[in-house]
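What follows is calculated from the coordinates using simple rules that are stated; it is not laboratory data. Everything numeric here is computed off the predicted structure, so don't read it as measured data. Because the Cβ atoms are built from the backbone with ideal geometry, glycine has one as well, and the counts that use them run over all protein chains shown.
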Amino acid sequence: MNFQEKDRSLIWHPFTQEKTSEPPLVITKGEGAYLFDETGKRYLDAISSWWVNIHGHSHPKIAEAIFTQAQELEHVLFAGFTHPPAITLCEKLKSYLPSPLSKFFFSDNGSTAVEVALKMAYQYFWNQGEKQRNVFLSFEGAYHGDTFGAMAVGKTSGYYDPFQKLFFHVQTLPYPATWVDDSEVEKKEALALEQAERVLKEHHSSLAAFILEPLVQGASGMRMVRPEFIRTLFDMVRAYKIPIIFDEVMTGFYRTGTFFAMDQVERTPDILCLSKGLTGGFLPLSLTITSEEIYNAFLGEKFNKAFAHGHSYTANPLGCAAANASLELLTEHKTIENIQQIAKIHKEHMQNLPGQQKRCLGTIAAWNTPLSQDVKKKALCQGFLLRPLGNTLYILPPYCITSEDLHQLYTVLLT
Ligand SMILES: *Cc1c(COP(=O)(O)O)cnc(C)c1O
């Protein structure tokens, strides 16, 4: 049996209809923006391997940081113990964050970062005797991960039909997705804000938190909104003193052009979720970051007020070492220049793309076409890895992609 046959006999892949899907590509090497299959054929990873890779594959500096750390300390439990790579990471991140976000809780993927955020918000009220706050607020089309709490707030993402009966209560707000030359944007936003005000008036006393992906909804098709819309809505929700959770699992680390998407929203959430690009795409790690105020509500003489949540690999030192190396690379002038260059090239080509609802933000470009699957196949033959979300085609490359390669990809997409 070759690798593909062995794989089919053994492995059940994520988000895959095993009956109808093509056999998976066997990848044996990664370097920079490229992946190589077992025959040596090269693919440009135009989607950063599900949005995690930011500096390219097998980056020597991150690989070395992991190797060095593995020889010192591979792992230690994180209750009652700590270690320098975790502390260094939080110190570094703090310098990018507005001052209210100052308490760092580790877990190991985007979904768990979201679970932690939801549980924190809920118990924050519970610890203060407010036990009627049983409802969460999220956007229509939101995606926050595949564990139960994350699925509940993402119940309208279209992925979870079998599970609807098992979810806790969630109120959904309309999401006024927009694109280049969208003449309806103001009307859609006004309607969404009206609806939000109605929901807030009716439900505010039972709301535990509002969770959202600021500026871009990833998994539901790179759907974008204007920062001014999020800002207005943010202020409305804040006025009711409902905690706000920004899920920046996908948007963090310059993906949208600024270090965080919230930098463009110009608002500071009560809780922030980070993962995906955190380790540069090397190891699973995530953070849920919150304010002193929320943290303080968990303090008490007895354990019952504490946050009873933790994972075996919480704050894994290898993951933290990778994250520290990745953050170093993000401070390099060259990285910032590349990010700006990607954004510029996206803008240049937008107009000519064959499709509708063209949109771009920072290093993300997206558009809709019923031919998305055909385009994906054609691009793959020519060595470009894309993975449409329904009718949406998008480009979300590692920041190390060269201008030549990005132009080349657009050439393939334009013909
Ligand atoms: C991918 C994603 C998640 C889930 O992260 P996993 O690491 O896949 O569990 C949560 N929120 C957003 C916005 C994401 O894009």
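Would you mind putting 161-167, 120-126, 271-277, 225-231 in packing order, based on average other-beta-carbon counts within 10 Å, highest first?
Ranked from most to least packed, the peptides come out as 271-277, 120-126, 225-231, 161-167.
According to a simple spin-label model (label point 7 Å from Cα along Cα-to-Cβ), what is the distance in nm between Asp37 and Arg238?
With each label point 7 Å from Cα toward Cβ, the separation is 5.1 nm.
Roughly speaking, what % of Cα-Cα pairs in region 338-415 are separated by over 15 Å, rounded to a whole number?
Of all Cα-Cα pairs in region 338-415, 51 percent lie more than 15 Å apart.
Kindly put Cys400, Cys320 in sequence by how many other C-beta atoms sit within 10 Å of each C-beta, fewest to most.
Least to most surrounded, the residues fall as Cys400, Cys320.
Over all alpha-carbon pairs of region 357-401, lay out the pair-distance distribution in 5 Å bins, whole %, shortest bin first.
Using 5 Å bins, I get a P(r) of 5, 23, 27, 26, 15, 3, 0 for region 357-401.
How far apart, in nanometres, would the label points at Phe303 and Ser9 be if each is projected 7 angstrom from Cα along the Cα-to-Cβ direction?
So the two model labels end up 4.8 nm from each other.
Quick one: if the Förster radius is 51 Å, what FRET efficiency do Lys29 and Glu292 give, using the C-beta to C-beta distance and rounding to 0.05?
0.65
Can you pull the one-decimal nm distance between simple spin-label points at Glu74 and Tyr96, each 7 Å off the Cα toward Cβ?
Computed distance between label sites Glu74 and Tyr96 equals 2.9 nm.
Given that compact globular proteins tend to follow 2.2 N^0.38 Å, what is the ratio of the alpha-carbon Rg of region 230-330 to that value?
For region 230-330, the normalised Cα radius of gyration is 1.24.
Starting from the Cα-Cα distance between Gln132 and Lys165, subtract it from 0.36 nm times their residue separation and give me the gain in nm to one decimal.
Computed gain between Gln132 and Lys165 is 9.8 nm.
For the ranges 244-253, 181-190, what's the packing order if you count other beta-carbon atoms within 10 Å of each residue, average per peptide, and put the highest first?
Ranking, from highest mean packing down: 244-253, 181-190.
Filter the GluC sites (Glu not before Pro) in region 6-110 to those in DSSP coil with at most 15 other Cβ atoms within 10 Å of their Cβ, and list the result.
Glu18, Glu38, Glu74
Quickly estimate the mean residue ellipticity at 222 nm for the chain, helices only: each DSSP H run with n ≥ 4 gives -39500 (n - 2.57), and the total goes over all residues, rounded to 500.
Calculated mean residue ellipticity at 222 nm is -11000 deg cm²/dmol.
Would you give the gap between the C-alpha center of region 347-398 and the C-alpha center of region 199-216, rounded to a whole Å?
32 Å
If N is the number of residues in region 180-251, what value comes out of its Cα radius of gyration divided by 2.2 N^0.38 Å?
Its radius of gyration relative to the 2.2 N^0.38 Å reference: 1.16.
Rank-order 99-106, 153-160 by packing density, defined as the average count of other C-beta atoms within 10 Å over each peptide's residues, highest first.
Per-residue Cβ counts within 10 Å, averaged per peptide and sorted highest first, yield 153-160, 99-106.
For an R0 of 25 angstrom, estimate the FRET efficiency from the Cβ-Cβ distance between Lys334 and Arg231 and round to the nearest 0.05.
The formula returns an efficiency of 0.20 here.
Note down the net charge around Gln351, summing +1 for each Lys or Arg and -1 for each Asp or Glu among other residues with Cβ under 11 Å from its Cβ.
0
Do the alpha carbons of any pairs in Lys188/Lys241; Lys41/Lys334; Lys188/Lys344; Lys6/Lys377; Lys188/Lys358; Lys29/Lys61 sit beyond 20 Å of each other, and which pairs?
Listed pairs above 20 Å: Lys188/Lys241; Lys41/Lys334; Lys188/Lys344; Lys6/Lys377.
May I ask for log10 I(q)/I(0) of region 253-387 at q = 0.16 Å⁻¹, from a Debye sum over the Cα atoms as equal point scatterers with solvent left out?
Debye intensities relative to I(0), on a log10 scale: -1.07.
Which percent of the Cα-Cα distances in region 297-340 go past 17 Å?
Beyond 17 Å sits 61 percent of the P(r) for region 297-340.
Taking K and R as +1 and D and E as -1, what net charge do the other residues with C-beta under 10 Å from the C-beta of Trp367 add up to?
Taking every other residue near Trp367 into account, the sum is +2.
Under the rule of at least 5 residues apart or a separate chain, name every residue whose amide H is placed under 5 Å from the amide H of Glu213.
Amide H neighbours of Glu213, under 5 Å, 5+ apart: Asp247.
In the neighborhood of Cys273, defined by Cβ-to-Cβ distances under 15 Å, what is the net charge if each Lys or Arg adds +1 and each Asp or Glu adds -1?
Taking every other residue near Cys273 into account, the sum is -3.
Over the chain, one equal point on each Cα, no solvent: what is log10 I(q)/I(0) by the Debye formula at q = 0.11 Å⁻¹?
After summing over all Cα pairs, the log10 values are -0.86.
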